[in-house]
Amino acid sequence: MSLLNTPFDPAHEAALVTGAGNGIGRAIAQALVGEGVRTVFADVNRETVTAAVQASPRPELAVPWVCDLADPGACDALLAEAQSAVGQVTHFVHSASPPRREADHALAVSRETWEQMRAVNVDAGFHLARELARKLIAAQQPGSFLFLTSLHAGTPRNLPHYSTSKAALAMLVKELARTFGRFGIRVNALVPGAIAAGGFVADPALARHIPLGRLGRSEDLAPMALAVLSNRVSAYVTGAAIVVDGGLSLTNWFDPPALDDL
């Protein structure tokens, strides 16, 4: 049987995905249960996470959990629920992120909005990953963690709370990969481009700057996420940041050359 036909070992692996109610988190969580992996779908919105579970290929393998990860107590409750519902979590995906508004530029963003973005993106991501790693280390089991960062971890976005939190996540991935690697726990990042999903409403005109000619969809991230999460497919990959952006990061001030004469 082809390796790619069996990327996971459902009998011994389980997953936790934050931000699983919509967008990229939803697509990844649904893809995991489609591979037979018991998965906790964690989200701040009960309605969307319930719908995400119901629309999954195998809803019986999906466990919804509603919590606000800005609250450290909610993170602890989520860890306890995940352990109870699916057992040892071996695969962790941190996709949760508060909504971002174009009005929240450097001179306008409130202290509350700034702190919430950091709390969900960075603080919750670190706390959940560390506690899950502790359990895996104690059990002497391998694991695979995946963080959703952004192209704006390296380029300004006019949303300083968002860009700086994603930049922090990008370094957190490297820190955790370096520390956890000796225990067989891999930590990587997916770096999305203009993905029209979740809290991001992209201007269709942006497509002209994307070499592949279209905006991205959540479903464009899921296959790559599965490949990176799989300890069979990506066993020697850690500390990596895989860009999935249709080539958007190649954009410069010049349009591509005319190729009409080919």
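The numbers here are math on the coordinates, done by the rules we state, and not lab data. Just so we're clear, the structure is a prediction, and the values are computed from it rather than from any experiment. Here the Cβ positions follow ideal geometry from the backbone for every residue, glycine too, while neighbour counts run over all protein chains shown.
Which value in deg cm²/dmol, rounded to the nearest 500, describes the helix-derived mean residue ellipticity at 222 nm for the chain, given -39,500 (n - 2.57) per DSSP H run of n ≥ 4 and division by the residue count? Walk me through the intermediate numbers first.
On the way: 7 runs with 92 residues, N = 262.
That calculation yields -11000 deg cm²/dmol at 222 nm.
I'd like to know which of ALA202, GLY36, GLN141 lies farthest towards the positive end of the charge dipole of the chain, counting +1 on Cβ of Lys and Arg and -1 on Cβ of Asp and Glu.
Value computed over the given set: GLN141.
Which ordering of CYS67, CYS75 is given by a fewest-first count of other beta-carbon atoms within 10 Å? Each step should come with its number before you reach the end.
Numbers: CYS67 20, CYS75 24.
Fewest to most other Cβ atoms nearby, the residues stand as CYS67, CYS75.
Return the whole-Å distance between the Cα centroid of segment 154-209 and the Cα centroid of segment 32-95.
21 Å
At ASP203 and ASN158, where each label point lies 7 Å from the Cα along Cα→Cβ, what is the point-to-point distance in nanometres?
0.8 nm
Report the label-to-label distance for PHE183 and ARG101 in nanometres (one decimal), using points 7 Å from each Cα along the Cα→Cβ vector.
Placing both labels 7 Å beyond Cα along the Cβ direction yields 4.0 nm.
Suppose a student asked you for the relative contact order of segment 11-248, using Cα pairs under 8 Å spaced at least 6 residues apart; what percent would you report?
Details: 474 pairs, mean separation 45.1, N = 238.
Relative CO of segment 11-248 lands at 19 percent.
Under a Cβ-only charge scheme (Lys and Arg +1, Asp and Glu -1), can you give me the dipole magnitude of the chain about the Cα centre, in debye to the nearest 20? Write out the running numbers ahead of the final one.
Details: 21 positive and 24 negative charges, 121 e Å.
In debye, rounded to 20, the chain gives about 580.
Find how much the distance from GLU112 to ALA235 grows on full extension, using 0.36 nm per residue of separation minus their present alpha carbon separation; answer in nm with one decimal.
Values: separation 123, 0.36 × 123 = 44.28 nm, distance 4.01 nm.
Gain on extension, GLU112 to ALA235, equals 40.3 nm.
Counting other beta carbons within 10 Å of each Cβ, put ASP220, ASP203 in order, fewest first.
Values: ASP220 20, ASP203 9.
Ordered by Cβ neighbours within 10 Å, fewest first: ASP203, ASP220.
Specify whether the C-alpha gyration tensor of segment 11-248 places it in the rounded, prolate or oblate class, a ≥ b ≥ c being the square roots of the eigenvalues: rounded for a/c under 1.5, otherwise prolate if a/b is larger than b/c and oblate if not. Intermediate values should be presented prior to the final figure.
Details: a/c = 1.39, a/b = 1.34, b/c = 1.04.
Rounded shape, in that the Cα axes give a/c under 1.5.
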